[in-house]
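The values are calculated or read from the model by the stated rules, or taken from the named source; none is laboratory data. The model shown is predicted, which means the values in this text are computed figures rather than measured ones. Calculation scope for accessible area: heavy atoms of the full protein, side chains included, ligands and nucleic acids excluded. Shrake-Rupley method; radii C 1.70, N 1.55, O 1.52, S 1.80 Å.
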Amino acid sequence: MARPDKAAAVAEIVDSFNDSSGAVLTEYRGLTVKQLQELRRILGENANYAVVKNTLTKIAAKQAGVDGVDDLLNGPTAIAFINGDLVEAAKGLRDFAKANPALVVKGGYVDGAPMGAAEIAKLADLESREVLLGKLAGAMLASLSQAVYLLNAPLAQAARVVGALEAKAEQDPSILMRGAAEPAAVEDSAATEAPAEEAAPEDAPAAEDTTTEAPESTEA
């Protein structure tokens, strides 16, 4: 490969590393062209599956700041540069490898850190982004419902206290000058009404007037 062609190929791999959220390195020895096309179809928009040269990829990885992939660059190598859902791409590679054992996942580089083949396999066992977002949304709605319930109780209590203060102020306006009573005391007083005075029966004798008139003054 001529020097300008090598430089262009390296630059293309660098761009692929920089533009993707992750990269999974695989060995494709034994796969036919038709099988590789099928794998690209399965990955769809989630990843761009490209056959690369190991020497050029090592140079590109260094330029892109990608560490931990040099040891994986041996034998025929193809890289799935992940552009979409990372979990879905890992699932696609796993399922294809089950049906086509010639595909071997060697490892990868995800979110700025190297990952081994076992870690990528665990990644494939996760639920998809859509499912996880759905569960997260459900959990948030449940938490929101609980929060609304908890907030409603203090607000209702505060409304009762304000109502009790208003009623007490109407009976005794001076309370506004003295300051409101303690909220708990006011609420208790509002909740427990004072018993009304019992009316005296009609045939009960009138209370005796015990007031006495002052004696008239006399002239000295």
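Annotations for the structure displayed:
- Extension gain for ASP19-LYS98 works out to 25.6 nm (0.36 nm per residue, less the C-alpha to C-alpha distance).
- Lysines whose Cα lies under 16 Å from that of LYS34, excluding same-chain neighbours fewer than 8 positions away: none
- Available extension along the chain between VAL51 and GLN63 is 2.4 nm, counting 0.36 nm per residue and deducting the alpha carbon span.
- With every protein chain in place, the stretch 12-92: carbon and sulfur % of accessible area (1.4 Å): 46 percent
- Straight-line cross-link reach from LYS6 at under 20 Å between alpha-carbon atoms covers these lysines, not counting any fewer than eight positions away in the same chain: LYS53, LYS58, LYS62.
- Per residue, the convex hull spanned by the alpha carbons of the stretch 1-124 comes to 96 Å³.
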